[in-house]
Structure formats: C-alpha cells, structure tokens
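The values are calculated or read from the model by the stated rules, or taken from the named source; none is laboratory data. Everything quoted here is computed from the prediction, not taken from an experiment. Positions of Cβ are generated from backbone atoms using ideal geometry, with glycine treated the same way; all protein chains shown enter the neighbour counts. The area values use the complete protein model at the heavy-atom level, side chains included, leaving out ligands, DNA and RNA. Shrake-Rupley method; radii C 1.70, N 1.55, O 1.52, S 1.80 Å.
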Amino acid sequence: MENEIPPRCEIWASAPCPLPLMPEGLSLLVEKNEESNWLKTATATFQEWGLLMQSSMLNADEIAELRCLVDKAITETHQMISNFRPNIKLGQDVFSFKEIASRSQERFDLRLLETDAIRFVERHVMKRLDVAALLEEVLGSVEGLDFDLSVVYSRPGAEYQGWHADGQHISGAMDAGWSRNGWKFDLASAYAVCLFIPLIDLNEEVGYTQFWPGTHRYRGLVGFGKVGEIAGSTYNGICNAGDAIWYDYRCLHRGMPNFSTVLRPVVQIIFKKSWYMEKRNYGTESVVPGNSGFA
C-alpha cells in the first residue's frame with residue numbers, strides 16, 4: 001500500500017559477552033591512494049573488526065599460473081583418494097587426512113606442501129612490501145612467522161557451512177571483555193592471520209565466505225553465529241579473482257553455497273607465530289596408508 005510503514009522489530013539475545021553489531025554501511029575494503037596512509041588504516045580496520053579487504057593482490061597472469069598449480073594438486077589428490085581410499089565418496093563423506101579434509105558436502109581443504117605453489121607464494125605474496133608491513137603490525141616481526149598454504153574449494157552443490165572460527169582464543173589470553181574499547185587495550189594480539197585469495201570472481205552464484213566482523217574479540221561467541229545473521233551484522237566476502245581477504249584466525253565465518261556449475265577455488269595462506277601448530281583442521285593419518293610424510 002502507498003505510504004505503508006515498513007515493519008520493524010527488536011531482537012533480544014542473551015550472550016556471555018557483548019555482541020559486535022556492524023555499523024550500517026561499514027566498508028572493510030581499504031584502497032591504496034596517494035592521499036591515504038594505507039598501512040595505518042588497514043591495521044586499524046583489521047584490529048577493530050578482525051577483517052580486511054584489499055584489491056588486486058595478484059594480477060591476471062599470476063592468477064592463471066596459480067590456478068594451474070592448484071588444479072594439478074586437486075586432480076592428483078582426488079586420484080590418490082580413488083586409488084588408496086576407494087570407499088570414500090568424494091563430495092558426500094566427511095573425512096580428515098594429513099593432506100586433505102572435507103567437513104561438509106562438496107567442500108574441501110587441500111594442503112599445498114612441498115609444491116611449486118609454495119614457491120609461487122614466496123615470490124608473489126611474501127615479497128610484497130604491503131604484505132610484510134601489515135603482518136609486522138598485526139603479528140610482529142616477519143622473521144618470526146611461519147605460513148601454511150592450502151586451497152579451500154567448493155564444488156557445485158556445496159551447501160551452507162556452519163559458523164565457526166578456524167582457531168580458538170589461546171588459553172589464559174585476554175579477550176576484549178565488556179569495555180567499549182576493550183579491543184584496543186585488553187584483547188590479546190592475533191597469533192595467526194588468514195589470507196584468502198580467490199582464483200575466480202566470487203558472487204552470489206558461485207558463493208563466497210560470509211564473516212561476522214568483530215567476533216575475534218570474544219571467546220564466548222562460538223555458537224552464536226545465527227545471531228549475527230538475524231542482526232544483519234554479517235559481511236559478505238564478495239570480490240574479484242586476485243583480491244585479498246585478510247581475517248583474524250579467531251573471527252567467526254562460514255562458507256556459502258555454490259549454486260553454479262563451476263569449482264570455487266580460494267587459496268588460503270595462514271600466517272602464524274612460529275610456536276602455533278595447526279592441529280584442529282586436518283587429520284594425523286595420510287591418504288596413503290603407511291605414509292609417514294606427505295604424498
């Protein structure tokens with residue numbers, strides 16, 4: 001009806017910590033230009049929201065080169081599973097090996113170890129001045145950091161992933177507490193930062209990763225992802241191939257469905273302090289029975 005007043009409602013939620021509500025119109029894309037201090041703005045954005053978008057990390061030729069390496073690794077690993085684990089139904093079964101894990105339908109996380117992909121990242125990502133500068137601001141000296149490399153890929157038919165954080169708050173470390181500026185003064189600094197680089201354009205059809213910005217501040221928010229959805233406080237990681245999505249390892253997020261007919265490959269680089277070992281997201285057994293190393 002003409003002049004009809006849109007419906008409004010209040011949402012009440014009981015939680016053991018503050019609920020980070022995203023301001024309307026918040027942009028987490030920090031662009032570089034001559035008039036701005038990119039590093040200062042990017043660091044402040046990342047520390048406050050646990051999330052940062054950056055344009056054009058890789059150019060078209062670099063994307064094509066990395067895509068070839070990733071496709072080769074995926075093909076070889078799927079063949080390895082077919083040969084050594086014939087009972088596994090790829091895309092349907094949940095499994096977790098040293099090399100690869102699948103925690104939901106048509107969604108996979110494949111480690112890229114001792115491959116040309118690692119050398120690619122060392123040349124085209126690690127040597128970028130902006131990457132080194134940002135990592136130094138949020139994690140400390142680059143010389144004391146390690147990185148793990150994988151490709152997270154969703155095939156057509158992948159469904160909604162559950163809300164989760166890749167890493168927990170370290171035992172005994174402080175979170176932001178109830179203070180309004182606790183994220184500035186009380187929150188323990190990040191111990192790991194994840195960098196996503198999609199190898200295709202991410203949109204509503206192929207899917208993307210959805211984040212709840214600010215959830216890296218509070219250890220008590222695990223399990224409250226649905227509240228972020230209802231409150232309209234989620235941020236959609238829709239971007240172009242070669243763009244960069246940085247997020248604090250403690251930030252809640254989920255993968256969205258792939259409604260398309262194409263693979264959605266996203267390279268994942270986990271920069272971490274050398275003492276941190278990733279133990280949650282992969283298994284201890286190799287795809288190849290009896291193989292103590294990586295195939």
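From G223, G177, which residue is open to solvent by 30 Å² or more (accessible area, probe 1.4 Å) and either assigned to a loop (DSSP other than H, G, I, E, B) or more than 16 Å from W49 (Cβ to Cβ) (or both)?
Among G223, G177, only G223 is open to solvent by 30 Å² or more (accessible area, probe 1.4 Å) and either assigned to a loop (DSSP other than H, G, I, E, B) or more than 16 Å from W49 (Cβ to Cβ) (or both).
Count, please, the residues in the stretch 216-265 that happen to be hydroxyl-bearing (S, T, Y) and closer than 23 Å to F147 by Cα.
2
In the stretch 140-154, what residues are at pLDDT 95 or above and either open to solvent by 60 Å² or more (accessible area, probe 1.4 Å) or hydrophobic (A, V, I, L, M, F, W, C) (or both)?
L149, V151, V152 - these are the residues of the stretch 140-154 that are at pLDDT 95 or above and either open to solvent by 60 Å² or more (accessible area, probe 1.4 Å) or hydrophobic (A, V, I, L, M, F, W, C) (or both).
Among the residues that make up the stretch 184-200, is at least one of them under 19 Å from T45 (Cα atoms), open to solvent by 20 Å² or more (accessible area, probe 1.4 Å), outside any loop (DSSP other than H, G, I, E, B) and modelled with pLDDT under 95?
yes
Does the stretch 100-118 contain any residue that is free of Cβ contacts under 8 Å to residues at least 12 places away in the same chain, open to solvent by 40 Å² or more (accessible area, probe 1.4 Å) and touching a Leu at 6+ places or on another chain (Cβ under 7 Å)?
Scanning the stretch 100-118 turns up no residue that is free of Cβ contacts under 8 Å to residues at least 12 places away in the same chain, open to solvent by 40 Å² or more (accessible area, probe 1.4 Å) and touching a Leu at 6+ places or on another chain (Cβ under 7 Å).
Return the residues of the stretch 76-99 that are open to solvent by less than 30 Å² (accessible area, probe 1.4 Å) and either under 22 Å from Y160 (Cα atoms) or touching a Gly at 6+ places or on another chain (Cβ under 8 Å) (or both); say none if nothing qualifies.
G91, F95, F97
What's the number of the condition M57 fails, among (1) under 20 Å from G237 (Cα atoms); (2) loosely packed, with under 15 Cβ neighbours inside 10 Å?
(2)
When G242 is evaluated against the numbered criteria (1) in a loop (DSSP other than H, G, I, E, B); (2) within 15 Å of the chain's Cα centre (by Cα); (3) closer than 28 Å to E10 by Cα, which criterion, by number, is the only one it fails?
Condition (3) is where G242 drops out.
Listed here are the residues, each with its yes/no results for (1) without any contact (Cβ under 8 Å) to a residue 40 or more places away in the chain; (2) open to solvent by less than 10 Å² (accessible area, probe 1.4 Å); (3) closer than 20 Å to D175 by Cβ; (4) small (G, A, S).
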residue	(1), (2), (3), (4)
W212	no, yes, yes, no
R219	no, no, yes, no
I230	no, no, no, no
D243	no, no, no, no
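Could you count how many residues in the stretch 50-106 are in contact with a His (Cβ under 7 Å, 6 or more places away or on another chain) and of a type in the set (D, E)?
Selection size over the stretch 50-106: 1.
Pick from the stretch 245-287 the residues that are more than 17 Å from the chain's Cα centre (by Cα), within 24 Å of E204 (Cα to Cα) and aliphatic (A, V, I, L, M): which of them is least open to solvent (accessible area, probe 1.4 Å)?
L263
Within the stretch 166-187, can one find any residue that is hydroxyl-bearing (S, T, Y), over 24 Å from P23 (Cβ atoms) and touching a residue at least 40 places away in the same chain (Cβ under 8 Å)?
No, the conditions are met nowhere in the stretch 166-187.
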